[in-house]
Amino acid sequence: EIYFDITHSFRSLPLIINQLLFYYQDVSPKRVSIKKIFYGMLEMVKELGYAPIIELNYLITLNNYIKGAYDLSNYGNAYIISKLIENEDKSLSNKLTDFSDTLNLGLLYEIDNQIHYIYSIINKDFKLNKLADKIIKPTLREFIPYFPQERKNPYQIQLSLSEWYFIKKNYALSVIILVEAIITYICLKENNLDWQKKENREKCKMKIKQYENINNIYSKYKLNSIRNAIAHNIDKNFSSKKAIKNIKNAINDLKKNLI
């Protein structure tokens, strides 16, 4: 536990040391925690007759919220944010944690349900500190273009989810869900089969070739090979750069065919 006094030395040096401490706290394998930051206001001696010592702990809080906002925006992880507001609004904290858990697992219908929670959070006034209020809602609004509130076909939700994972550089989940979106699409085209049943999905996967436009995309970008290489690690000649490019192109082409 570190208690830091930034009163003395050149004015720039405390700022540098402050950032180094945050860096050390975030990357060190040791359990380092910055507990307090103090500053003696020497410039107030003439006016007050003494130098008041103030706490600058809001710098610690601000740093934590910056990390939390970055995690939520870039990875969909609200774990830091939810921990920070746990004592202010336990219900909201739990909803944010549940959203991140579901998003990280890529569970379609759970995500669809969680999106409604996100909209309710955005549209509701919470009694949070100003810092939390100004970070949480604007960050959650970034999800809206990829998870519209109106319900779509399940394959469209999967396709949007695949695109979001790709943008966030989670390429493995992106291609896995992309292939599943194709199979879901075919299930619904085949007399509206129950797309959630394993046996139906297995049958529909074998029928991809019957859908020319879809099969052209599926084959051209080698989606099944990429999926298998990621899931089973069986392709020694696997090219990461080519795979990423293929996933991106496949998403763009499927958006024209499935939506």
Considering every residue within segment 120-127, establish whether at least one is touching a residue at least 12 places away in the same chain (Cβ under 8 Å), open to solvent by less than 60 Å² (accessible area, probe 1.4 Å) and more than 27 Å from Gln156 (Cβ to Cβ). yes
Any chance Tyr165 is closer than 19 Å to Asp71 by Cβ, out of contact with any His (no Cβ under 6 Å at 6 or more places or on another chain) and either buried (at least 20 other Cβ atoms within 10 Å of the Cβ) or of a type in the set (Phe, Trp, Tyr) (or both): yes
Restrict the check to segment 201-216 and report whether at least one residue is under 29 Å from the mean Cα position of the chain (by Cα) and either of a type in the set (Phe, Trp, Tyr) or more than 15 Å from Ile251 (Cβ to Cβ) (or both). yes
Is there any pair with a first residue in segment 80-93 that is in contact (Cβ under 8 Å) with a residue 24 or more places away in the chain and a second that is open to solvent by 70 Å² or more (accessible area, probe 1.4 Å) whose Cβ atoms are under 9 Å apart and which are 6 or more apart or on different chains, and what are they? Glu88/Lys127; Asp89/Lys127; Leu92/Lys124
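The values are calculated or read from the model by the stated rules, or taken from the named source; none is laboratory data. Computed from a predicted structure; not experimentally measured. We place every Cβ from the backbone using ideal geometry, glycine too, and count neighbours over all the protein chains shown. Ligands, DNA and RNA are excluded from the accessible area calculation, which covers all protein heavy atoms including side chains. Shrake-Rupley method; radii C 1.70, N 1.55, O 1.52, S 1.80 Å.
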